[in-house]
1. Relative contact order of the stretch 197-273: what whole-number percent is it, with Cα pairs under 8 angstrom and at least 6 residues apart?
2. How big is the convex hull of the Cα atoms of the stretch 162-297, per residue, in Å³?
3. When the chain is modelled as a GNM with alpha-carbon springs shorter than 10 Å, which of 63, 180, 291 fluctuates the most?
4. Please compute the contact order of the chain in relative form: average sequence separation of alpha-carbon pairs under 8 Å and at least six residues apart, divided by the residue count, as a percent.
5. Report the label-to-label distance for residue 211 and residue 310 in nanometres (one decimal), using points 7 Å from each Cα along the Cα→Cβ vector.
6. D for the stretch 100-149, whole µm²/s, Stokes-Einstein with Kirkwood Rh over alpha-carbon pairs at 20 °C and 1.002 mPa s: what number?
7. Determine the gain in length on full extension of the stretch residue 24-residue 269; use 0.36 nm per residue of separation and subtract their C-alpha separation, reporting nm with one decimal.
8. Which of 11, 223, 335 moves the most in a Gaussian network model of the chain with Cα springs under 10 Å?
């Protein structure tokens, strides 16, 4: 049984070369072909040299004069132009290789979001597919990545790494099935989520946390911290009915994890779905205002304002006192300690009840 073989080449061969062969076989010269087509001789010469494209109209004329089907001429022309464009594209990609140093390619490959390779050109092409852009130079102009580049107040931030972190979160969130977002459902689940702060191991609370948030229409995405992103959390929407909370687990402190989570929940409940919120994004008064609002939501949800005010008035921040207070309000002692430290009522040297989660 004969097998049909197709050979693909990256050499750009002008269809005019085939046209020249056909003319030679038929005993025609360029001038005669031009007269039969009713076209200027110069136009035929430019087609043969590859300077002028064979249009659909020209393909039909060549079929009438030479007997070679029009789709053959159109196909040869299309393939030639595509290979030429690919060659230009390869040259452009080479220029983008100098940008690779700014991207956390190794971290993305470990998450299996980009191809594992050492070849610079392959890395560029893989990052393009990852971000959904035709060129890495276009990244800053894409609206969904703009929050990663607006944090100009911190010169140490790697904006490309931050954009990579956000994009990774969006891609992973798209794979998480959730109910449609419902504000009332989320509000009804807040106490259940808060109760999980009493668990000491991630394995004991994380599956439940994920499930509760999915019931509210929120995908919880946990991705390791990328170097020089300086962000512990982010909130955005992949569609109107699906919110995303990203956590980096940076540092591992349990109280910071829960404060950050409720901070992001504050953004979900209080702020515009069209925006991406990055924790510590305080480059302007408007963003600072919304960050402060999310902080306030987290504070009063974890530790009721009235009870905390009365506790502070007692002035007793010993371990037994913190333990008793945290038990009365139903949160872990480390959260109370973290709040006291934040308000400079307790030294950061004393980690009363604070624990570090061991994430797998």
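Coordinate-derived values only; no laboratory data. Given the structure is predicted, the values throughout are model-derived calculations rather than measurements. Here Cβ is always computed from backbone atoms with ideal geometry, including for glycine, and neighbour counts include all displayed protein chains.
1. The value is 26 percent.
2. That works out to 103 Å³ per residue.
3. 63
4. With pairs under 8 Å counted, the relative contact order is 11 percent.
5. My value for the distance between the label points is 3.5 nm.
6. 189
7. 80.6 nm
8. The residue that fluctuates most here is 11.
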